[in-house]
Structures are given as C-alpha cells and as structure tokens.
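Visitor: Below are the structure tokens for one structure; questions will follow.
A short reminder: the numbers here are calculations on the coordinates, not readings from a lab. Just so it is clear, the model here is predicted, and its values are computed rather than measured. Neighbour counts run over all protein chains shown; Cβ positions are idealised from the backbone, glycine included.
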Amino acid sequence: LELLDVAEFEFYTLKDAADLALSLAGLCPDPASAAMGLSELLVNAVEHGNLGISYADKSEMRRNESWEREVEERLGDPVLGARRARLIFRRLADQLMFTISDEGEGFDWRGYLEFSPERAFDPNGRGIALARLASFSSLDYRGCGNIVVVTVAAAPRSS
C-alpha cells in the first residue's frame, strides 16, 4: 500500500466499513487514530447516509438494543440496501486525502463538529467530533452533508 497514490472503494455494510477503515489506516502515520476516525465516518456513511437512520432513531435503538437488527433489516430493503458508499483515497505531496460519500439525503453536520453538552449522555453522537479532533488534520463536509473530505498530514514519500 505504500505505493498507492489513488484508489476508489465501494462499500455498503458495517463490516465493509470496518475492514476498509483498518486497511487504509495502515497508510497513516498513526494507524490507530486513523482507524478510529475512518471507522466513525465510514459507519456514518452506511447507517445515517445510505440507510437513513437518524440521530434520534439511533439513540433509541441503542437504548433498546435493536440497532444491529435494524441495520440488517434496512440492508435487506430493496431500495436502501442497494445504496453504496464510496471512499476515494489520494496521496498528495504532504498529506493523505480521504473523500467519503454516500447516497443519502445528507444532514446538517455543523452541530456535530464539537462535543455538545446536550448530547453528553446520549449513547451516540460524538464520533464526528472525536474523529475531527483526534484523527485528522482537517475534516470538511461538502454539499448537503453526504460528502466528507478528511486529510492526514504525512511525510513526503522518499524517492
């Protein structure tokens, strides 16, 4: 993977998202931190983006332990289950860029970039803020919120 400059991946399950996050994190200077951040964003693309699970719905599902069952049911839906998420990787001169997109309607991401006292005790809702602070040099949502571009500072490749 050290020779990889550009790659595009398509995924649609939570397992796909977790596997892809772990694989690509190995390209980063701090793989553990990158894996956590990439995993958060890739899982969001599947569950919130493609499967349309809202923040409130996920909170309730986590409380009554029905989240995994609901994800599987929605993956089996002929419309929602046909959606795919994508990750495009690009190696630039001094950074690694990951562009993650989904086929969902997007969301208002502005309230999730920082930790919120209102959500402190919710079972979800901290992943984006954590990823932004701990995993990436930059995190920028585009358009309606169904595209996120993150970068990781990286040493220039030796020649």
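Visitor: Asp30 versus Ala153, label points 7 Å from Cα toward the beta carbon: distance in nm?
Guide: 1.0 nm
Visitor: List every residue whose amide H lies under 5 Å from the amide H of Ala154, counting only residues 5 or more places away in sequence or on a different chain, with H placed 1.01 Å from N in the peptide plane.
Guide: Gln95, Leu96
Visitor: Highest GNM mean-square fluctuation, the chain, Cα pairs closer than 10 Å: which of Arg74, Arg142, Arg83?
Guide: Comparing Arg74, Arg142, Arg83 in the GNM, the peak value goes to Arg142.
Visitor: In addition: Taking springs between alpha-carbon atoms closer than 10 angstrom, which of Ala35, Ala93, Ala85 fluctuates most in the Gaussian network model of the chain?
Guide: Ala93
Visitor: For n ≥ 4 DSSP H runs only, could you compute -39500 (n - 2.57) per run for the chain, divide by its residues and tell me the 222 nm figure to the nearest 500?
Guide: Calculated from helices alone, the mean residue ellipticity at 222 nm is -9500 deg cm²/dmol.
Visitor: Expressed as a fraction of 2.2 N^0.38 Å, the rule-of-thumb size for a compact globular protein of N residues, what is the C-alpha radius of gyration of the chain?
Guide: On the way: Rg = 15.6 Å, N = 159, 2.2 N^0.38 = 15.1 Å.
This ratio for the chain stands at 1.03.
Visitor: If contacts are Cα pairs under 8 angstrom and at least 6 residues apart, what is the relative contact order of the chain in percent?
Guide: 27 percent
Visitor: Let me ask something else about it. Provide the FRET efficiency to the nearest 0.05 for the Ser137-Glu68 pair, computing r from the beta carbons and using R0 = 30 Å.
Guide: FRET efficiency, Ser137 to Glu68: 0.40.
Visitor: Determine the relative contact order of the stretch 1-72: mean sequence separation of Cα pairs under 8 Å and six or more apart, normalised by residue count, in whole percent.
Guide: Relative contact order for the stretch 1-72 comes out at 24 percent.
Visitor: P(r) for the stretch 1-67, please, calculated from all Cα pair distances in 5 Å bins and given in %.
Guide: 3, 16, 22, 21, 17, 10, 6, 3, 1, 0
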